[in-house]
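A.B. asks: I am attaching a structure below and will ask some questions about it afterwards.
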Amino acid sequence: FNFTTDNESVFECTYNNEEEFFDKDVLTSYVLSSSISCLWNKWIKTDVLKKAISLIPKNEEISASEDTIFVLLSYKYAKSYIHINNVYYIYNTTHSNAVRQSYEKIEQFRAILKGHNNAYSIIMSSFSTYELDRLNINDMYYNNCSYFVNRYRYCTDDVKKEAMEALYEHFSREVLQVATLKYLFPVYVNLKEAIAICIEIEKYENPDFE
């Protein structure tokens, strides 16, 4: 159900188990449209989060996409979901590699990619094919890829070659180009910029490409 108080709308839904969560169209649709990958705008009960963390192998590096994995795994154990369209936090990005204005060292860029493959392997093994389909996992994967391609744009020229190499360690050429043309464009770049990035992606694998 939905209700509104002044300018604040609230969405609330309860479910008895994981299967019911995925069977409720209204809940799944709403969750997918409300920044599912962001952990910093959610409050998750400690016991729920602990159960989610228990599914992550010890010493597994998941510093990239850690928000996505914690949020998705938490849905397996939660019994209700409430969304309020208001901001009750201050997100301090002062020292974050994720939003820096330039990457002058390859280590800075690699830091945001670290563990991305591990995180998605855990997600793929934690949900059934039906559940992954309901979560639009492919769409989520391309969207995440577009974020990394977008951050690649902030690499200095002397870092870009190594940064592209880092992208190729996590994504195929096709995925990188689709993410650029369908997800990065037109939100973050115009068509000319998107095509230029696709050419850079192509040239990394095919240096003679014209």
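A.B. asks: Give me P(r) over the chain, computed from all C-alpha to C-alpha distances, binned every 5 Å, as integer percentages.
C.D. replies: 1, 6, 13, 16, 18, 15, 13, 9, 5, 2, 1, 0, 0
A.B. asks: Taking amide H positions as placed in the peptide plane 1.01 Å from N, state which residues far from Gly115 in sequence (5 or more) or on other chains have amide H under 5 Å from it.
C.D. replies: So Gly115 has HN proximity to Ala64.
A.B. asks: Just the accessible area for Asp133, please: 1.4 Å probe, Å², rounded to the nearest 10?
C.D. replies: In the full protein context, Asp133 sits at about 110 Å².
A.B. asks: Take the solvent-accessible surface of the protein heavy atoms, probe 1.4 Å, and return the percent of it on the chain that carbon and sulfur atoms account for.
C.D. replies: Summing carbon and sulfur atoms, their accessible area is 50 percent of the total for the chain.
A.B. asks: Rounded if a/c is under 1.5, else prolate if a/b beats b/c, else oblate: with a ≥ b ≥ c from the C-alpha gyration tensor eigenvalues square-rooted, which is the range 148-192?
C.D. replies: Oblate.
A.B. asks: Any idea of Leu55's accessible area? Nearest 10 Å², probe 1.4 Å.
C.D. replies: Accessible surface of Leu55 is approximately 60 Å².
A.B. asks: Of the DSSP beta bridges with both residues in the chain, give the percent that are antiparallel, rounding to the nearest 5.
C.D. replies: Among the beta bridges of the chain, antiparallel pairing accounts for roughly 90 percent.
A.B. asks: Apply the Karplus parameterisation 6.51 cos²θ - 1.76 cosθ + 1.60, with θ equal to phi minus 60°, to every residue of the range 60-68 and state each ³J(HN,Hα) to the nearest whole Hz, in sequence, with x for glycine and proline.
C.D. replies: Result, ordered by residue: 7, 7, 9, 5, 8, 6, 5, 4, 4 Hz.
A.B. asks: Given a cut-off of 24 Å, name the pairs among Lys58/Lys161; Lys42/Lys105; Lys50/Lys79 whose C-alpha atoms lie farther apart than that in the structure shown.
C.D. replies: Table pairs above 24 Å Cα-Cα are Lys58/Lys161; Lys42/Lys105.
A.B. asks: Here is a further query. Could you give P(r) for the range 121-183, binned at 10 Å from zero, as whole percent values over all Cα-Cα pairs?
C.D. replies: 20, 44, 27, 8, 1
A.B. asks: Please work out the Cα center distance from the range 38-55 to the range 141-210, rounded to the nearest Å.
C.D. replies: Taking the Cα centre of each part, the range 38-55 and the range 141-210 sit 32 Å apart.
A.B. asks: Averaged per residue, what accessible surface does the chain expose to a 1.4 Å probe, in Å²?
C.D. replies: For the chain, the per-residue accessible area is 60 Å².
A.B. asks: Extension gain Asn117-Asp133, at 0.36 nm per residue separation less the Cα-Cα distance, in nm?
C.D. replies: That works out to 3.9 nm of additional length.
A.B. asks: Could you give each residue of the range 136-146 its phi-based ³J(HN,Hα) in whole Hz, using Karplus coefficients 6.51, -1.76, 1.60 with θ = phi - 60°, and x for Gly or Pro?
C.D. replies: Couplings: 6, 4, 5, 4, 5, 5, 5, 5, 5, 4, 4 Hz.
A.B. asks: Once both labels are modelled 7 Å past Cα along the beta-carbon direction, what's the Lys45-Asn17 spacing in nm?
C.D. replies: About 1.8 nm separates the two model spin labels.
A.B. asks: What order do you get for 61-73, 119-131 when each peptide is scored by the mean count of other beta carbon atoms within 10 Å, highest first?
C.D. replies: Numbers: 61-73: 20.5, 119-131: 15.9.
Packing order, densest peptide first, comes out as 61-73, 119-131.
The values are calculated or read from the model by the stated rules, or taken from the named source; none is laboratory data. No experiment lies behind these values; they were computed from the predicted model shown. Here the Cβ is made from the backbone with ideal geometry for all residues, glycine too, and neighbour counts use every protein chain on show. Surface accessibility is based on the protein's heavy atoms, side chains included, excluding ligands, DNA and RNA. Shrake-Rupley method; radii C 1.70, N 1.55, O 1.52, S 1.80 Å.
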